[in-house]
1. Which residue, Gly158, Gln69, Trp139, has the largest displacement toward the positive end of the dipole of the chain when charges sit on each Cβ (Lys, Arg +1; Asp, Glu -1)?
2. Share of antiparallel DSSP beta bridges in the chain, in percent to the nearest 5?
3. Does region 38-196 come out rounded, prolate or oblate by the C-alpha gyration tensor, with a ≥ b ≥ c the root eigenvalues, rounded set by a/c under 1.5 and, if not, prolate when a/b is larger than b/c and oblate if not?
4. Could you work out [θ]222 nm for the chain from helices alone, using -39500 (n - 2.57) per DSSP H run of at least four and dividing by all its residues? Round to the nearest 500 deg cm²/dmol.
5. What is region 123-214 by shape, rounded, prolate or oblate, if you read a ≥ b ≥ c off the alpha carbon gyration tensor as root eigenvalues and call it rounded for a/c under 1.5, prolate for a/b larger than b/c, and oblate otherwise?
6. Can you tell me the order of 153-161, 220-228, 264-272 when each peptide is scored by its average per-residue count of other Cβ atoms within 10 angstrom, highest first?
7. Considering only Val241, Leu51, Ala274, whose Cα is most displaced toward the positive end of the charge dipole of the chain, charges sitting on Cβ of Lys, Arg (+1) and Asp, Glu (-1)?
8. Please list 3J(HN,Hα) in residue order for region 166-173, calculated via the Karplus relation 6.51 cos²θ - 1.76 cosθ + 1.60 where θ = phi - 60°; whole Hz, with x for glycine and proline.
Amino acid sequence: MVVPCFNEEDVLERTHARLTHALAGENVDLELIYVDDGSRDGTADVLRELLATDARVRVVRLSRNFGHQVAVTAGLDHATGAVVVLIDADLQDPPEVIAEMLARWRDGFDVAYGRRLDRAGETPLKLLTARWFYRVMNWISETPIPADVGDFRLLDRGVVDALKQMPEADRFLRGMVSWVGFRQTQVLYHREARAAGQSKYPLARMMRLAVDGILSFSNWPLRMSLWAGAALVVAGLVGAVCLCGLRFVGHESIADWSIVLAALAIIGGMQLLAIGAVGEYVSRVYRQSRGRPLYVTAERLGFAAVEQRRQTA
Ligand code: UDP
Ligand code: MG
């Protein structure tokens, strides 16, 4: 299990209890990797307590807050299981669903992603933006990405290894998992309200994730400016021809400056849009070419047993 945690001191103990309880009936050799994504509250202390009481717990502490997608990546890098399940720390994704995911995996699927039937306790704004985001995303993405699906999912070792070979700096994991391929299936569930604490995804971050998703999996914004530019040129030519024709047959009253002004505004706007789209991609190329590591680890706890096993093997 990989559990990203950012300021989750209120909920972590409950999360751990419910996770381990939900999987108690399954015949699995459990490893719980909590990634502390630079929390500023007591999260690290709670994790240390868990570490002391449960030998299955591992803790990866990042040196600062790197964001949810990178925290999950750090967890995937440290996971050793034949199967890895990604789950949020706030119990919005019911751990009881994992049993069903495992069943799908035993049926031979490599990815079982949780698909939300509904979402309790979310703001109307979040519901609306999420709904539209998934629709638009699917429409323009080069890789089909299922709608109403978050990062709550089960991944086979083969998928995890494939993900580890994708070094992209702007990470949109659900898109990356779709891109990887293999046999994928969905498991339906009801998304609950947060068990405690506040959402760590304010609007600005949600928008960032949406932009990452769109630009990483679609060249549509670039292409759109191209087509819009072409359409404008055609429209401008047609307009100019019509205008000149009307003048020619004697319609002196047409104020051509107003038409010119409108055309200028449209064309100026389109140029800005196109430059903006190019800029977004260029900034990505730049970030990727710097080749920085995705995250910096401050501390790894509970991995001694894993190391030992590796050495004796
Ligand atoms: N999270 C994280 N780093 C961040 C933001 C969030 O590791 O910078 C974790 C958070 O602790 C939670 C999960 O990512 O386990 C999902 O975040 P949250 O529940 O706040 O998002 P929401 O469910 O509101 O979209
Ligand atoms: Mg949440």
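What follows draws every value from the coordinates through simple rules; no lab data is involved. Small disclaimer: the values here were computed from a predicted structure and weren't measured. Reconstructed Cβ throughout: ideal geometry from the backbone, glycine too, with neighbour counts over all protein chains shown.
1. Trp139
2. Taking every DSSP beta bridge with both residues in the chain, the antiparallel ones total about 40 percent.
3. Because its axes are fairly even, with a/c under 1.5, region 38-196 counts as rounded.
4. One gets -17500 deg cm²/dmol as the mean residue ellipticity at 222 nm.
5. Note, shape of region 123-214 comes out prolate.
6. Going by the mean number of other Cβ atoms within 10 Å, highest first, we get 153-161, 220-228, 264-272.
7. The residue sitting farthest along the positive end of the dipole is Val241.
8. 9, x, 4, 7, 8, 9, 10, 4
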